[in-house]
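Remarks on the structure that follows.
The values are calculated or read from the model by the stated rules, or taken from the named source; none is laboratory data. If you're wondering where the values come from, they're calculated on a predicted model, not measured in any experiment. Don't worry about glycine lacking a Cβ; one is built from the backbone with ideal geometry, like all the others, and counts go over all protein chains shown. Keep in mind that these areas ignore ligands, DNA and RNA; they rest on the heavy atoms of the full protein, side chains included. Shrake-Rupley method; radii C 1.70, N 1.55, O 1.52, S 1.80 Å.
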Amino acid sequence: MDTSGISEIQNAFDDAVKTVADKKSLQDLKIEYLGKKGKVTGLMKEMKNLSNEDRPAYGAAVNEVRSHITSVIEEKETALANEALEARLKEETIDVSLPGRTFRLGSPHPLSRTIEDIEDFFIGLGYEIAEGYEVETDYFNFEALNLPKSHPARDMQDSFYFSEDILLRTHTSPVQARTMQARKGQGPVKVICPGKVYRRDSDDATHSHQFTQIEGLVVDRNIHMSDLKGTLELFAKEMFGPDREIRLRPSYFPFTEPSVEVDISCFKCKGAGCNVCKRSGWIEILGSGMVHPNVLEMAGFDPDEYSGFAFGMGPDRIAMLKYGIEDIRNFYTNDLRFINQFKAMEDGGDQSESI
Ligand code: PHE
């Protein structure tokens, strides 16, 4: 019996399988040899032409080839699958030793933080927050505050004018006039008004043409100077420490009568005199007074029934004092080197995070 055809097929397969490098070619090879019309199946079909004696040996030889080819293909399949897995693992490797990307978190601007602290304090005393317009009319900025057109006190608050009657507000006091007018003569009024204000000022280390103010206004029956003093004393202690005292000095504002400048005892030298308080032991922090009857009347409140106090402070100045900042322009130039110094004051210190 001639079985050379069988070994030829096996040899041909063994050669062919060596060049197979991917799943698809292996599948094709499998079909070529073991498929219905494949070479090994072809050998089986030859059986019927053989004599009864030859058939068992021939069949055994074909089976051997078939199981050889089957197991080589299986081995090859496993090897190819392993190779593919290796390649994928290599490609998808995550290098856990690489440093993570750092996300830099911002922090509140020292000025915003100061404004929020001041707001929080007054909200705690039952004040509401009122806001007005940065572009204001001459009427609300001056006239309704007892500062008629020819008033000399206007000189101190020169501003940027859009027209004769429209200007960038020079203080937050127009918000008190607007708030009172909106209440139509009905107290109580208890508001603070934070916002940006503008003045024609030479830019130096302590003045800026744009800065911030917080106005406070309380109007009700039986409001006295003692209410003003008590409120501002509490405020000074809250902002600058429990040992602070305040001092009221007579002053002048057209919209308050009497008017006072409020000083706090120096938090640095405790009154002994230092560079912060210019050796006086006291630091001026705000202007205030009892609301002028004319202002009450113009806003629709009866001055015989109602009285009130008002104050105006500069958060810029308060923040400068509190954090020892020497140049007001730092607040407005958005230099991150300046702003980031205040990050450490956040709870938890360093706020940068990596993932
Ligand atoms: N508006 C005043 C200023 O800008 C401050 C102030 C407000 C004074 C309220 C008294 C009462 O100088």
- Query: Can we say GLU164 is surrounded by fewer than 19 Cβ atoms within 10 Å (Cβ to Cβ) and touching a Cys at 6+ places or on another chain (Cβ under 9 Å)?
  - Reply: no
- Of all residues in the stretch 209-224, how many are hydroxyl-bearing (Ser, Thr, Tyr) and either away from the ligand (no atom under 13 Å from the Cβ) or under 18 Å from LEU145 (Cα atoms) (or both)? 0
- Item | From SER107, SER112, residue being within 30 Å of MET239 (Cβ to Cβ), touching a Lys or Arg at 6+ places or on another chain (Cβ under 7 Å) and surrounded by 11 or more Cβ atoms within 10 Å (Cβ to Cβ) | SER107
- Message: Could you tell me how many of the residues in the stretch 243-262 are modelled with pLDDT under 95 and basic (Lys, Arg)?
- Response: 1
- Message: Going residue by residue through the stretch 326-336, is there one that turns out to be of a type outside the set (Phe, Trp, Tyr), modelled with pLDDT under 95 and in contact with a Phe, Trp or Tyr (Cβ under 9 Å, 6 or more places away or on another chain)?
- Response: yes
- Query: Among the numbered criteria (1) open to solvent by 80 Å² or more (accessible area, probe 1.4 Å); (2) of a type outside the set (S, T, N, Q); (3) modelled with pLDDT of 90 or more, which single criterion is violated by ALA81?
  - Reply: (1)
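So which of THR206, THR172 is under 26 Å from LEU321 (Cβ atoms), more than 13 Å from the ligand (Cβ to nearest atom) and in contact (Cβ under 8 Å) with a residue 60 or more places away in the chain?
THR206
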- Query: Considering ARG88, ARG101, which residue is over 29 Å from ILE9 (Cβ atoms), open to solvent by 90 Å² or more (accessible area, probe 1.4 Å) and without any contact (Cβ under 8 Å) to a residue 12 or more places away in the chain?
  - Reply: ARG88
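Can you work out which of the residues in the stretch 133-142 that are without any contact (Cβ under 8 Å) to a residue 60 or more places away in the chain and open to solvent by 60 Å² or more (accessible area, probe 1.4 Å) is nearest to GLU297 (Cα to Cα)?
Going through the qualifying residues, I end up with TYR139.
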- ARG55: modelled with pLDDT under 95 and farther than 30 Å from ASP22 by Cα, yes or no? yes
- Within the stretch 228-247, can one find any residue that is under 18 Å from TYR139 (Cβ atoms) and either open to solvent by less than 10 Å² (accessible area, probe 1.4 Å) or assigned to a loop (DSSP other than H, G, I, E, B) (or both)? no
- Query: Taking the stretch 175-198 on its own, how many of its residues are open to solvent by 50 Å² or more (accessible area, probe 1.4 Å) and more than 16 Å from the ligand (Cβ to nearest atom)?
  - Reply: 6
- Identify the single condition in (1) closer than 24 Å to ASN340 by Cα; (2) within 14 Å of the ligand (Cβ to nearest atom); (3) not hydrophobic (A, V, I, L, M, F, W, C) that ASP201 does not satisfy, given that it satisfies every other one. (1)
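Just the residues that are among the hydrophobic types (A, V, I, L, M, F, W, C), under 30 Å from PRO108 (Cβ atoms) and either in contact (Cβ under 8 Å) with a residue 40 or more places away in the chain or within 13 Å of the ligand (Cβ to nearest atom) (or both), please, taken from the stretch 268-308.
Across the stretch 268-308, the qualifying residues are VAL276, ILE285, LEU286.
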- If only one of GLU261, GLU257 is within 16 Å of the ligand (Cβ to nearest atom), in a strand (DSSP E or B) and open to solvent by 50 Å² or more (accessible area, probe 1.4 Å), which one is it? GLU257
